[in-house]
2 protein chains.
Amino acid sequence: MDKRIFLPQSEMPTKWYNPMPDLPTPMAPPLDPETLEPLGPEKLSVIFSNAIIAQEMSQDRWIDIPEEVLDVYRIWRPSPLVRAERLERAIGAKCKIFYKDESVSPAGSHKPNTSVPQAYYNKMEGVKRITTETGAGQWGTALGFACAQFGLDCTVYMVKVSFEQKPYRKILINSYGATIYPSPSPATRTGAAMLEKDPDCKGSLGLAISEAVEDAATHDDAKYGLGSVLNHVLIHQTITGLEVKKQMAMIGEKPDYLVGCVGGGSNFAGLVTPYIPEKLAGEKIQFIAIEPKACPTLTRGEYRYDYGDMARLTPLIKMHTLGHSFMPAPIHAGGLRYHGDAPIVCNMVAEGMVDAKAYFQTECFEAAQLFLRTEGYLPAPETSHAIKGAIEVAKTAKAGENVVFLYSGHGMLDLASYDKYMTGEMTNFELPQADIDNALKECPVI
Amino acid sequence: MDKRIFLPQSEMPTKWYNPMPDLPTPMAPPLDPETLEPLGPEKLSVIFSNAIIAQEMSQDRWIDIPEEVLDVYRIWRPSPLVRAERLERAIGAKCKIFYKDESVSPAGSHKPNTSVPQAYYNKMEGVKRITTETGAGQWGTALGFACAQFGLDCTVYMVKVSFEQKPYRKILINSYGATIYPSPSPATRTGAAMLEKDPDCKGSLGLAISEAVEDAATHDDAKYGLGSVLNHVLIHQTITGLEVKKQMAMIGEKPDYLVGCVGGGSNFAGLVTPYIPEKLAGEKIQFIAIEPKACPTLTRGEYRYDYGDMARLTPLIKMHTLGHSFMPAPIHAGGLRYHGDAPIVCNMVAEGMVDAKAYFQTECFEAAQLFLRTEGYLPAPETSHAIKGAIEVAKTAKAGENVVFLYSGHGMLDLASYDKYMTGEMTNFELPQADIDNALKECPVI
């Protein structure tokens, strides 16, 4: 068996899979934050293109990938499926371990799978500029890349503390031609008001979202782009799981365990949801979601309606939540610090279709370093959670079984975190139940 | 035609090509730095393994790649050959442009092609530890990765100014389990002496070489590894050109122009030397070497015997040189700052088999940014020279012709250089002839 399993470009999937029609329980509708009534599409059209709103609400099982999007996907897709036999040997696994390598994209993560169609659909509807927020910087990089491909302007509001601590991310996003503001910025009313109140404010993801949304809502030629959580984002990410299906078939194998890390849930859903039909048909296949113990949304959150952001500006969505006012500890996997999760993933968790597990960050960095020394590549801190999860599953999996995990991104711009790990300066955070209870008290009763 | 041309792992070359038997003029022998007489293999065995010395002097046209080395190569090889059609369109090229993507290796460059066999041969001969120097850090990363694969210890002497300016590289090398010393270090007599003379000394590549060589020469269980220049290194790099041959054949095409950047010369030689038989047989195929105007070894250096290092510790080799005491300007492409070049490459230049061209660094960064915005990926500063060279060739190449360049590495750890470029703080260096003349005066007359 080849170590790297390459799907020919001619075999790349040409449709995304939409899991919503196949879910045993229909999706709960998003609610208007003002009226708490189900939200109409017209409210979303202020910040999203029509094509994206249609996908967000679609009940079509298959959605054609536009030829122009396929053409950009071909820059790096199909991504390799890799047999991690060195890792298998190091942990004494009896099963086989494979990883789907999404770090090979230009932006270094799975995020361009959705930034590219988002840029395309906006371009088709005459939009000139896309706004977004970015925390650690992965999503801003991916959207910058996609906008460069379609000749769109791109405005990124980057949480000021990250803007200052991660200058490399800022330079990379700039290099693609995007404009970056540290958030809070004077460019929006929200940002300006915050700066007037506190000129030294270091920002937050919630605030950056508010700035990006305001920018899009107040400019006719601009729309907003989101990198995870929403249904259309998860649909775009299914390209990875659909490729895995074909790649496993090429070598005459099937996955028994599918493992991914969960922040907003898009990379995990992209890998596992294409296997929903098989699972519902009774095939023995386990979906395993890995999250940090410092932000244990799926393992300890409550399944209920909550706001997507701290400022209560977004629609309410039904999800596992730690409360929209919950502020996760500053773990290194910035992409996993979200109080909620994608409604599609939460629906599956509520149905008992997903096993969720939480690990401490030092356990995950230990797994990442083992991966580096055996398989050679440096994982992103977020990805280290998927590796830890896969290793734990593989230790008890039987001979003949297959563990497949999603390698969501490389860690080349996260080396400072590895230094903290190696020098013993990395702290673990076990969340007190009272913190969760308190934050959940602020959720609206619906 | 697929954008990414993947060679199946079953088709990966299993022999390296040794160009030495095919060169029209035999290689001039290396000379002992003390006696100035041709150097015997016994002198080299203090710091190199026997297998490597045998390759250094070999006249065998084909050298078997050991199965254990092939097994590690399969972590990332065969690397993709990619059609750069977006770049073609952006510059209005009539020809096709392809790039051989060596940035996909775990270390992010072509360097593991030689670090892996070097680690393997040393392991086979009972060596426990490999020492080396690193400037910008690419080679130290590659050797760290290779030593982790074979369970060898690795000691890297990193030029102190880089050690301090590039903390990410240091962390990455550490993560593979290697030990790093900033050079000058108290770990060697050479380093300790320098520190006693100047406690604030920031080091130089020449000094770091001296430390690494001393460390290997004074410890029975240690040998030394070099990342470029020498014949065995160039032989290992031919895996790239041999793969390109097969990949071009897969799509029914042949290269008309092969382009690579030249520092020590190994990535360039790896791409072009497998095409020497075709060239000597009269096929129209041009080998184009690109170097920085700040260090114009092939375009303005003299072809003569010179030392490999500033301290005159290495054997003398016949090469194009700017003089061993020449100190190149601090350009961002640290890997291209070498006063000489690989003897194999220089032999070919002297035979008129290679066209060498030099460009300013801002021209190369401009080309790199165009590549980033069209093809999506961020090139290393060294690689930007190959891109600039390929673009210039492609502008005048005819329809039906093919330009192939070697994409030697990614720039994820070089983003500070892009910032300097974008903010207009990057300086160009045109070398005065008097500087070259003065440095050449110090070369020995042989």
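Tabulated results
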item: Candidate set from region B:144-164 (those that are away from chain A (no Cβ under 13 Å), part of a helix (DSSP H, G or I) and free of Cβ contacts under 8 Å to residues at least 60 places away in the same chain); member that is most open to solvent (accessible area, probe 1.4 Å); result: B:E164
item: Matching residues in region A:34-68 - criterion: being open to solvent by 90 Å² or more (accessible area, probe 1.4 Å) and either in contact with an Asp or Glu (Cβ under 9 Å, 6 or more places away or on another chain) or farther than 17 Å from A:S115 by Cα (or both); result: A:E34, A:E37, A:E42, A:K43, A:N50, A:Q59, A:D60, A:R61, A:W62
item: Whichever residue in region A:390-413 is assigned to a helix (DSSP H, G or I) and surrounded by fewer than 18 Cβ atoms within 10 Å (Cβ to Cβ) and, among such residues, is farthest from the other protein chains (Cβ to nearest Cβ); result: A:T396
item: Qualifying helices (runs of 4 or more DSSP H) (wholly inside region A:190-294; at least 2 residues being open to solvent by less than 10 Å² (accessible area, probe 1.4 Å)); result: A:205-217, A:231-250, A:266-272
item: Unique match (being within 14 Å of another protein chain (Cβ to nearest Cβ), open to solvent by 10 Å² or more (accessible area, probe 1.4 Å), in a helix (DSSP H, G or I) and not charged (D, E, K, R)) among B:A368, B:A416; result: B:A416
item: In region A:1-11, residue nearest to the other protein chains (Cβ to nearest Cβ) [restricted to those that are under 15 Å from A:T240 (Cβ atoms) and open to solvent by 10 Å² or more (accessible area, probe 1.4 Å)]; result: A:F6
item: Criterion: in contact with a Pro (Cβ under 9 Å, 6 or more places away or on another chain) and modelled with pLDDT of 95 or more - qualifying residue of A:A178, A:A146, A:A208; result: A:A146
item: Selection count where residues are surrounded by 15 or more Cβ atoms within 10 Å (Cβ to Cβ) and within 14 Å of chain A (Cβ to nearest Cβ), scope region B:423-446; result: 1
item: Tally, over region B:165-180, of residues that are assigned to a strand (DSSP E or B) and under 22 Å from the mean Cα position of the chain (by Cα); result: 1
item: Condition met for A:F429 (touching a residue at least 40 places away in the same chain (Cβ under 8 Å), out of contact with any helix residue (DSSP H, G or I) (no Cβ under 6 Å at 6 or more places or on another chain), farther than 28 Å from A:P24 by Cα and not charged (D, E, K, R)); result: yes
item: Failed criterion for B:E382 (all others in (1) over 21 Å from the mean Cα position of the chain (by Cα); (2) away from every other protein chain (no Cβ under 14 Å); (3) part of a helix (DSSP H, G or I); (4) of a type in the set (D, E, K, R) hold); result: (1)
item: Criterion: in contact with a Pro (Cβ under 6 Å, 6 or more places away or on another chain) and either among the small types (G, A, S) or within 24 Å of B:G270 (Cα to Cα) (or both) - qualifying residue of B:A358, B:A397; result: B:A358
item: Residues located in region A:69-102, provided they are open to solvent by 20 Å² or more (accessible area, probe 1.4 Å) and either without any contact (Cβ under 8 Å) to a residue 24 or more places away in the chain or of a type outside the set (K, R) (or both); result: A:D71, A:E85, A:A90, A:I91, A:G92, A:A93
item: Candidates A:Y303, A:Y338, A:Y377, A:Y307, filtered to the one that is within 14 Å of chain B (Cβ to nearest Cβ) and either open to solvent by 10 Å² or more (accessible area, probe 1.4 Å) or among the small types (G, A, S) (or both); result: A:Y377
item: Residue tally, condition of a type in the set (K, R) and closer than 22 Å to B:T297 by Cα, over region B:349-390; result: 2
item: Test set (1) more than 14 Å from every other protein chain (Cβ to nearest Cβ); (2) surrounded by 23 or more Cβ atoms within 10 Å (Cβ to Cβ) - A:E351 fails condition number; result: (2)
item: Hits in region B:295-317 (condition: in a strand (DSSP E or B) and either without any contact (Cβ under 8 Å) to a residue 12 or more places away in the chain or farther than 17 Å from B:L230 by Cα (or both)); result: B:E302
item: Helices (runs of 4 or more DSSP H) fully within region B:26-133 counting 2 or more residues that are within 14 Å of chain A (Cβ to nearest Cβ) and of a type in the set (D, E, K, R); result: B:67-73, B:85-91
item: Cross-chain or 6+ apart pairs with Cβ under 6 Å, region B:124-143 first and open to solvent by 10 Å² or more (accessible area, probe 1.4 Å), then in a strand (DSSP E or B) and among the β-branched types (V, I, T); result: B:G135/B:V159
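Condition check ((1) more than 29 Å from B:L378 (Cα to Cα); (2) more than 14 Å from chain B (Cβ to nearest Cβ)) across all residues:
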position: A:Q138; (1), (2): no, no
position: A:Y168; (1), (2): no, no
position: A:Y181; (1), (2): no, yes
position: A:M194; (1), (2): yes, yes
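The values are calculated or read from the model by the stated rules, or taken from the named source; none is laboratory data. The structure displayed is predicted, hence computed values, not measured ones. When we count neighbours, we look across all protein chains shown, and the Cβ atoms used for this are built from the backbone with ideal geometry, even at glycine. Just the protein is used for accessible areas: all its heavy atoms, side chains included, with ligands, DNA and RNA removed. Shrake-Rupley method; radii C 1.70, N 1.55, O 1.52, S 1.80 Å.
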